[in-house]
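Heads up, the thing below is written out as structure tokens.
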Amino acid sequence: RSKLHNIVSMKSTMPSSTESMIILSEWISRTIDQVDRTSSSLSAATALGPDLRKSMILCSDDYLLSALRVSCSLADSICRAEEEGGKLLPMPSNNWANGINVQVQATQEINGTLATENGEQENHDKAEFLPFLCNVNDEVANNNSTMQRIYSLGIVLYEIFSGGERPTDLLKGELTTAVETNELAIEENLNFDPLPFDQASPIDIGADINDLLDEISSEEEQNLPKKRQSLQTNSATTRFSVSLESLKAKWIPGPLCDLIANMLDSNNGTLAGEDSYKSIADVRDDLQLMLEKPKTFLYDQDMGKLSVTGLQFRDTMFGCNAELSTIKEAYRRSISGDGELVLILGPSGSGKSLLASEFGRSVSAGGGIVLSGKFDQLKQGKPFSALASAFDLYCGNLMRDSGPLRTAEVALKLISSLGKEVYHLARIIPNLAIMLGPSKSELISHDQEVCANPQKQLQYLLCQFVDVISSSFDAPVTLFLDDLQWADIASIDAVNQLLFTPDLSSSLSKRSNRFFFFGCCCEGGINEQHPLWSVFCHANLLHVKYSNLQLRCFEEDTLNVMVSETLRLSPRLTWAFSSIVYRKTKGNPLFVSRLMLSLSKNGLLRPNLKRRRWEWDEKKIQSQKLPDDVAMFITNSIEAQTEDVKSSISVLSCFGASVDNAFIKTLEKALDRNLCDSLDKAVADGLLDKVDDKYHFSHDRIQEAAYSMMDQLNRCNFHFKYGMALAPLADGKGDDGILLTAANQL
């Protein structure tokens, strides 16, 4: 009667217009049918057998998404009940699926497409437990009942992702238990008490009848005999070992199979494995990660490929969301006319460039134009090197992405705006020369005038270039300059002009809403004598707001998130490994990545092909003795290379953070030695990157370490040798790059 009252009460509060409530088994059947009808990949596969077709449905994005949402809502409802002190907490049972309703949104498709990384999903199907499954007492769950609930929920998840099938092992176990229970009941009934007349003592008929009546009355009050009730309860809550092979055969993603296996492993109590779940909250969090970041946590990794390539890092930002929001807000104010600039500060390896790249991607996605350049300690003798590199990269991307007609339109606007002086820009921006095409020769023939101040001329031309591309695409322009501590005076003067000097046809406010400047600088790299100081002085005089963002090393929680996403494992599984890495690196992001790459190379962090996941040797990693400083760690990594590789890296470090392949060929000719083969080996070991036919040091600290390996006297001799070798190759025609590089080396 109580159960019926609860069900009726629930139905009376069920939504009727936009929502409907169905039992879980019906929801599974409906969702499978819906995916079967709407999936484009299945519509062409008409010849598939029913079992194969169902497996394709179950492993499809559409079904997985819906099933993950329902599973997550179930785990969340248990967590909320635990937080409320245990009231309405479902009692452990192998038959939860019979007491779960799914609230279906009538205006929503049952299926959908998987969310993008960090995507949010709302207003979708949600599941809840019927009241008759729940504990009516306000009792906080103890550890044993928690493990039982994890197992019970694991059975439900198995049924959801298998398409409504009960685990075969569970069915066999329940059948065996039922047989044993019946046999025990028969045996109990056959063990009759001795009859009174079988006993030697006198018979007291009145007393025996009274005892019998009392026993019958007691049993009626309890509805069921105590022994039989006990047998039924044990049957309903008995936990059996369950194999996941059937799920794997349906092509359900491996991480999801592992999640369910770790839930069912709680069946083993104290013998459960290290990966088994200890709380429903952990289950909920892992399901949520699979929903929010399926590419990272749901899909299988190509462990065969990783066993060859080793550990791979992605350019992903961690722990800087607040700083990213600050830059975005400054950008919005700046392009709205207020004018603002941002400087990112932090120790080397703290993730400044990654933060800048993340912001640049968001600007590009919003239709803005991003110019990105990088100053170099060894190229300070070449004025405008970072600015020229930024504009050259933009011109290259423009020709690649916008097509010949759009590129020609921008080139004509530049010629119209700058006239023959655009040739001076083409001399420092090679891709602009390609954009100008045949017009360049005509411009050169008319370039007879000599400018009294070429530096001021180039500053003016660069500012005009910004105005032209901004007006051509009706979009604001963002300039990002990295490693500002190495900036030359000419470049900073150009930045001052871009920020604070209006052009002839516009006001300061008009220039401001087209242009936003931000940059990165190593901590302690700027003082009152630095050229960049003038930018802040001008900002103060003109009441232009600027922000200094200070980055620090990772906290332990943030580092664990980074390790978790890199290894594509749940944060609860990587915590022990992350703690070791944190203690050895003090949370420096560069140190963390270099250490993990080293561990992967040495086999202490390795892919397990059988388990299809990463594993590590904690004891051996803990016993490793590492230097406290990331620079020394990188130096040791370089020292471990062969002599040819070390020598080639040292040569490369004398020419800056990046060098294109054409210059390497010129350098090989000048020095009469092979460099590319050794540099390619350094690329394979992660010390260098090779992108767009350029060799880049993977990080500035690697270049600094390679450069510092030479003592001061040898360093001077090497620079002089390289300069003298390159000078004869400068023909004085066209690009002056070789001549300027030779002069800089000398």
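Which FRET efficiency, nearest 0.05, do Arg53 and Met632 yield, Cβ-Cβ r, R0 51 Å? Mind showing how you got there, number by number?
Details: r = 59 Å, r/R0 = 1.16.
About 0.30, to the nearest 0.05.
Grab the Cα-Cα distance for Ala727 and Leu542, subtract it from 0.36 nm times how many residues apart they are, and report the gain in nm with one decimal.
Details: separation 185, 0.36 × 185 = 66.60 nm, distance 4.57 nm.
Gain on stretching Ala727 to Leu542: 62.0 nm.
Among the listed pairs Lys665/Lys721; Lys293/Lys545; Lys305/Lys665, which are separated by more than 26 Å between their Cα atoms?
Numbers: Lys665/Lys721 17 Å; Lys293/Lys545 37 Å; Lys305/Lys665 32 Å.
Violating the 26 Å limit, Cα to Cα: Lys293/Lys545; Lys305/Lys665.
Here is the link list: Lys646/Lys690; Lys625/Lys694; Lys250/Lys610. Which ones come out longer than 26 Å on Cα distance? Before the final figure, lay out each step's value.
On the way: Lys646/Lys690 17 Å; Lys625/Lys694 35 Å; Lys250/Lys610 18 Å.
Beyond 26 Å: Lys625/Lys694.
Label 7 Å along Cα→Cβ of Leu354; region 558-574 residues with amide nitrogen under 12 Å?
Under cut-off, by backbone N: 558-567.
Rounded to whole Hz and in sequence order, give me ³J(HN,Hα) for region 581-596 from the Karplus expression 6.51 cos²θ - 1.76 cosθ + 1.60, θ = phi - 60°, writing x for Gly and Pro.
Taking θ as phi minus 60°, the curve returns 4, 5, 5, 8, 10, 6, x, 5, x, 5, 4, 4, 5, 5, 5, 5 Hz for region 581-596.
Leaving out ligands, DNA and RNA but keeping every protein chain, what accessible area does Ser648 have, in Å² rounded to the nearest 10, with a 1.4 Å probe?
My reading of the accessible area for Ser648 is about 0 Å².
For region 631-647, what does the Karplus curve 6.51 cos²θ - 1.76 cosθ + 1.60, with θ = phi - 60°, yield as ³J(HN,Hα) per residue in whole Hz, taken in order and with x for Gly and Pro?
Listing the rounded values in order: 4, 5, 4, 5, 4, 4, 5, 5, 4, 6, 6, 5, 4, 4, 5, 4, 5 Hz.
Under a crude label model (7 Å from the Cα following the beta-carbon direction), how far is Asp169 from Ile434 in nanometres?
For the pair Asp169/Ile434, the computed spacing is 6.0 nm.
Each residue of region 299-307 in turn: what ³J(HN,Hα) in whole Hz from Karplus with 6.51, -1.76, 1.60 and θ = phi - 60°, glycine and Pro shown as x?
6, 6, 8, 7, 5, x, 5, 5, 5
Test of understanding: what is the full-extension gain from Cys716 to Ser402, defined as 0.36 nm times their sequence separation minus their Cα-Cα distance? Before the final figure, lay out each step's value.
Numbers: separation 314, 0.36 × 314 = 113.04 nm, distance 4.54 nm.
Gain on extension, Cys716 to Ser402, equals 108.5 nm.
What's the local net charge at Ser547, with K and R +1, D and E -1, over the other residues with C-beta under 12 Å away?
Taking every Cβ under 12 Å from that of Ser547, the sum is 0.
Provide the per residue accessible area, probe 1.4 Å, for region 623-746, rounded to a whole number of square angstrom. Please list the in-between numbers first.
Working: 6440 Å² over 124 residues.
Here the residues of region 623-746 average 52 Å² of exposed surface.
Between Thr316 and Glu84, what is the spin-label point distance in nm, taking each point 7 Å from the Cα along the Cα→C-beta axis?
Taking the simple label geometry, Thr316 and Glu84 are separated by 3.5 nm.
The values are calculated or read from the model by the stated rules, or taken from the named source; none is laboratory data. Remember, predicted model here, so these are calculated numbers, not experimental data. Positions of Cβ are backbone-derived with ideal geometry, glycine not excepted, and every protein chain shown enters the neighbour counts. SASA here: full protein model, heavy atoms, side chains in, ligands and nucleic acids out. Shrake-Rupley method; radii C 1.70, N 1.55, O 1.52, S 1.80 Å.
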